[in-house]
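The values are calculated or read from the model by the stated rules, or taken from the named source; none is laboratory data. Note that this is a predicted model, so its numbers are computed, not measured. Positions of Cβ are generated from backbone atoms using ideal geometry, with glycine treated the same way; all protein chains shown enter the neighbour counts.
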Amino acid sequence: MSIEFRCTQCGRILRVGDDAAGRQAQCPECKAIVTVPSPGVQFPGPAPSAGPPLGGMPPIPPPTPAVNPYQSPYSPGAPGISAISPTEYALGRVSGPATALIVAGALYLVGSLGALFIGIVAPFAEAGPGMRKEELMLGAAVWLGIGVVGLVLSIVMMVGGAKMKNLRSYGLAMTSAILALLPIHCCCLIGLPIGIWALVALSDVHVRGAFPRA
């Protein structure tokens, strides 16, 4: 015995075995899921379309898994996303701020050398009107101090930026980012956003995990 009924979507005549009564079947024409009626019962539907009757019930396809837009790009099994390793992700994350730290350190170095030059030549300059020689010497000492401190910080920033770019020495990379925030001289206007950028990148849990542990 068989059950004949129409698809409620396209009207095609479907035929299944009587043991399928009450179960669900998929129309091969429009792919709609319909419920098989009891023998002798016809479901109303549109005019039937031409085509051979259904010879059996095809299996219902499983639902397509949803893609999580917040899933990590290198998580295994993420559908539709190219997998990358944690090291590749971390290298891409720190490349920009690390290069910027190296450039900022070079600018700090130039500014520090300028301050050292002023501090060295200032004692040999003539005191202007209303300025004593002692004040000139004090100014020279201040410039020398700024130059020496800036020279040390610029070297640390460049070395830390290079270490950060290669995912080496997390502590030195973090120190370099913090030093970029210090208002040593006029170059701090450049170092401030770079230091914040580097700190944000280094605070990423995946970036922090890519650095070797001591």
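Which pairs do you get when a residue that is in the same structural domain as Ala198 (by TED's automatic domain parsing) and in a loop (DSSP other than H, G, I, E, B), found in the stretch 77-97, comes within reach of a residue that is modelled with pLDDT under 85 and hydrophobic (A, V, I, L, M, F, W, C), reach meaning Cβ atoms under 8 angstrom, with the pair 6+ apart or on two chains?
none
What are the residues in the stretch 10-42 that are assigned to a strand (DSSP E or B) and over 50 Å from the mean Cα position of the chain (by Cα), if any?
Ile13, Leu14, Arg15, Val16, Gly17
Only one of these conditions is not met by Ile178: (1) without any contact (Cβ under 8 Å) to a residue 24 or more places away in the chain; (2) more than 26 Å from Arg208 (Cα to Cα); (3) aliphatic (A, V, I, L, M). Which number is it?
(2)
Which of the residues that make up the stretch 90-117 are surrounded by fewer than 17 Cβ atoms within 10 Å (Cβ to Cβ) and not aliphatic (A, V, I, L, M)?
Gly92, Ser95, Gly96, Thr99, Gly114, Phe117
I'd like to check something: does the stretch 127-147 contain any residue that is in a helix (DSSP H, G or I), among the basic types (Lys, Arg), at pLDDT 65 or above and surrounded by fewer than 18 Cβ atoms within 10 Å (Cβ to Cβ)?
Yes, some residue in the stretch 127-147 is in a helix (DSSP H, G or I), among the basic types (Lys, Arg), at pLDDT 65 or above and surrounded by fewer than 18 Cβ atoms within 10 Å (Cβ to Cβ).
Listed residues Gly160, Gly171; which is buried (at least 16 other Cβ atoms within 10 Å of the Cβ), at pLDDT 85 or above and either in a helix (DSSP H, G or I) or outside the structural domain of Ser203 (by TED's automatic domain parsing) (or both)?
Gly160
All but one of (1) assigned to a helix (DSSP H, G or I); (2) farther than 17 Å from Leu91 by Cα; (3) not charged (D, E, K, R) hold for Leu181; which doesn't?
(1)
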